[in-house]
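Before any comments, here is the structure.
The values are calculated or read from the model by the stated rules, or taken from the named source; none is laboratory data. No experiment lies behind these values; they were computed from the predicted model shown. Every residue, glycine among them, receives a Cβ derived from its backbone with ideal geometry; neighbour counts consider all protein chains shown. What goes into the accessible areas is simple: the full protein's heavy atoms, side chains included, and nothing from ligands, DNA or RNA. Shrake-Rupley method; radii C 1.70, N 1.55, O 1.52, S 1.80 Å.
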Amino acid sequence: MGGKDRLPLSDSAAAIVAALVARARAAQAAFDAATQEDVDEVVTAAGWAIVDPEHNRALAELAVRDTGLGNVSDKMAKNRRKTMGLLRDLAGAKSVGVIADDPDSGLVEIARPVGVVGAITPSTNPAATPANNIINALKGRNAIIVAPSPKGASTLSLLLTYVHAGLDRVDVPRDLVQQLPSPVTREMTMELMRQVDLVVATGSQTNVRGAYASGTPAIGVGAGNVAVIVDETADLADAADKIAVSKTFDNATSCSSENSVIAVAAIAEPLLAALTEAGGAVLQEGEARALERAMFVDARPGPAFVAQSASAIALRAGLSRPALLDARFLIVAETGVGTEHPFSGEKLSPVLAFYRVPDFAAAAKLAAELLRYQGAGHSVGLHTRDDHRALDLGLSLPVCRVIVNQAHCFATGGSFDNALPFSLSMGCGTWGRNSISDNLNYRHFLNITRVVRPLAAEHVREPTEEALFGKYRRKFKL
């Protein structure tokens, strides 16, 4: 087109997205007739697209090269573990036709697709998160269009090459799985949100807020800022090892990586020694201030420090002490919470704030302050031998998950040794201004139709006024 004939950008974005959505609707209409056996084979094909060792390595290498975030070996482990766990969760799960039939209640539940899903995915997990969304969407006989971050677009394109080969193999339309074309713009992403039937947004809180404001039914998940409490009863060596492996995994790209340790005073020094033994290095006061000045812009970590190794972070802050350059993660003593104390927030890097408190009650209070500052609704960790304390936190803190005696970033998104569903998107409830409080899973990609028949006479329960109000009326003499 000539300059004066060119469509306005908004019209162009709308037209591009409309064409993708039309193709997705046609593919989904054809897929709607699939049996459960058909669907499960398609899901398996999509899972193998990322688990295949050659594919996995290529995706991990491309992700690190183009995003500059994390490391190849951990991304490979994440891609495999998250997908294997998801496929385990989906094995045998009903998502087609009648999924529940209770003769006593006369209620039948039928799984139906939501239609076309728009998935907004982050640069921190440019293969694992799209794969998770794609598999969950296909389990429900949906089509999906993925909007990647600009830096993650190349990784997603490669993933879709593998996914499309798998869809060809099982003879279903490639248009079940599509992506926004590059360059991915905010305008195009917002247009996708407006035109699809369901939006699933992970990553940038700007995108999450945009999803909820789009006018389309949306599931967006909140930010993390995980604090982990270590009390005086904990196995300190075990706690330190689990914190270290979680904090350093993929250079802390996970929103579930520990950002702060809250140590009860009685064990603070031995815990710090155990963390040092596990690969941590404690910054001196001057080093901490130098890192703070270099790392944060308006209390947020600058992009040059996100998901980098501890040694790279130290060097970028002008720190050259050998212990820091050899460390797996950096430890900064902290006492405050809020924008004037930027280490108290989410850092997305192997930098750990360390707090000391007098007792467990003070630890719970500080965890609440940290959550109110950032990460409300997400999760809190606890290392303890006193099981009652986990329940205390669950009853009092604004969190949807209390992770007990586990490496947090592996446990929160589902693990083979806990009962949470495998996911890369953790709902934070109304505390995090989210529409869900559980881990995103395949049931969020389903509509449920209910066939309702009259109850048999022996199952009808109509209460009397006395049964409902008698005690109340007698108490207040009504």
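Miscellaneous remarks
- Check on Asn447, in contact with a strand residue (DSSP E or B) (Cβ under 6 Å, 6 or more places away or on another chain) and exposed (fewer than 15 other Cβ atoms within 10 Å of the Cβ): yes
- Evaluation of Arg453 against the conditions (1) touching a residue at least 40 places away in the same chain (Cβ under 8 Å); (2) of a type outside the set (A, V, I, L, M, F, W, C); (3) surrounded by 13 or more Cβ atoms within 10 Å (Cβ to Cβ); (4) touching a Ser or Thr at 6+ places or on another chain (Cβ under 9 Å) shows that the sole unmet condition is (3).
- Complete set of residues in segment 4-28 that are at pLDDT 95 or above and either polar (S, T, N, Q) or assigned to a loop (DSSP other than H, G, I, E, B) (or both): Gln28
- Annotation for segment 372-383: no member residue is of a type in the set (Phe, Trp, Tyr) and either open to solvent by less than 20 Å² (accessible area, probe 1.4 Å) or closer than 30 Å to Ala127 by Cβ (or both).
- Yes/no for Thr253 being under 28 Å from the mean Cα position of the chain (by Cα), open to solvent by less than 30 Å² (accessible area, probe 1.4 Å) and under 13 Å from Leu330 (Cβ atoms): no
- Scanning segment 29-39 for residues that are in a helix (DSSP H, G or I) and either farther than 15 Å from Asp168 by Cα or open to solvent by 60 Å² or more (accessible area, probe 1.4 Å) (or both) returns Ala29, Ala30, Gln36, Glu37, Asp38.
- Hey, Leu62 of a type outside the set (Ser, Thr, Tyr), open to solvent by less than 60 Å² (accessible area, probe 1.4 Å) and within 21 Å of Met426 (Cα to Cα) or not: no
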